[in-house]
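The values are calculated or read from the model by the stated rules, or taken from the named source; none is laboratory data. Predicted, not measured: the structure shown is a model, and the values here were computed from it. When we count neighbours, we look across all protein chains shown, and the Cβ atoms used for this are built from the backbone with ideal geometry, even at glycine. When the accessible area is computed, the model is the full protein with side chains, heavy atoms only, and any ligands, DNA or RNA have been set aside. Shrake-Rupley method; radii C 1.70, N 1.55, O 1.52, S 1.80 Å.
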Amino acid sequence: MADQPLGLARLLGAEVGAERLVKELRAVIDPELGVNIVDLGLVYDAQMVDGVAHILMTTTSPACPIGSYLRDEIRWALLRVDRVLDVEVELTHQPPWSPDRMSDEAKVQLGWAK
């Protein structure tokens, strides 16, 4: 621990946990489907390092036109959280998204399950 540099966020005791980041990301709604990006299974990872929220996500298809929209919405959602100083969103398609990644709640909301 002594070998690690102290970033501003760590000096302030300001790390936000992944669970909190994911909770805030539930406010980001896919405008085409009307379901939040967490329940759709679009969020692959969420981490906080030295005040920067790192989000690894996908879209339902590589040709999805709303990738930049979702990036902006994620930034707005997470920058409202105290101690989040910046947000980095990485878009990937590996592994490719599939409906199996959706939560039961999302499947019910979309009428795919009862």
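Counting only Cα atoms, I'd like the Rg/Rh figure for the range 12-114, Kirkwood definition for Rh.
Working: Rg = 13.7 Å, Rh = 13.9 Å.
Value, to two decimals: 0.98.
What are the ³J(HN,Hα) couplings of the range 21-34, residue after residue, when phi is run through the Karplus curve with 6.51, -1.76, 1.60 and θ = phi - 60°? Round to Hz, x for glycine and proline.
Each residue's phi maps through the Karplus curve to give 4, 4, 4, 5, 5, 5, 7, 8, 9, 5, x, 7, 9, x Hz.
At 7 Å along Cα-to-Cβ for each site, give me the label-to-label distance between Val52 and Asp82 in nm.
The answer from the label model is 2.4 nm.
So how tilted is helix 67-79 from the main axis of the chain? Cα-based, degrees 0 to 90, rounded to 10.
40
So what's the back-of-envelope 222 nm ellipticity for the chain, counting only DSSP H runs of four-plus at -39500 (n - 2.57) apiece and dividing by all residues, rounded to 500?
Numbers: 4 runs with 31 residues, N = 114.
Calculated at 222 nm, the ellipticity per residue is -7000 deg cm²/dmol.
Express the relative contact order of the chain as a whole percentage, based on alpha carbon pairs under 8 Å and six or more residues apart in sequence.
Answer for the chain is 27 percent.
If the elastic network links every pair of Cα atoms under 10 Å, which of Ala46, Ala63, Ala18 fluctuates the most in the Gaussian network model of the chain?
Ala63
At a 1.4 Å probe, what is the % contribution of carbon and sulfur to the accessible area of the range 14-106? Don't skip to the end; give the middle numbers.
Numbers: 2400 of 4930 Å².
That share works out to 49 percent.
With a cap of 12 neighbouring Cβ atoms within 10 Å, and only residues DSSP puts in a loop, list the chymotrypsin sites (Phe, Trp or Tyr not before Pro) found in the range 16-114.
When the chymotrypsin sites (Phe, Trp or Tyr not before Pro) of the range 16-114 are filtered for loop state and at most 12 Cβ neighbours within 10 Å, Trp112 remain.
Which of Ile74, Ile66, Ile37 moves most in a GNM of the chain, Cα contacts under 10 Å?
Highest fluctuation of the listed residues: Ile66.
Using a 7 Å offset from Cα along Cα-Cβ at Ala27, what residues in the range 85-107 end up with backbone N under 15 Å from the label point?
Of the residues in the range 85-107, 85-87 have backbone N under 15 Å from the label point off Ala27.
Mind listing which trypsin sites (Lys or Arg not before Pro) in the range 27-84 are in a DSSP loop and have 11 or fewer other Cβ atoms within 10 Å?
Arg80
For a quick check of your reading of the filter: which GluC sites (Glu not before Pro) in the range 27-114 sit in a DSSP loop and have no more than 14 other Cβ atoms within 10 Å?
Glu32
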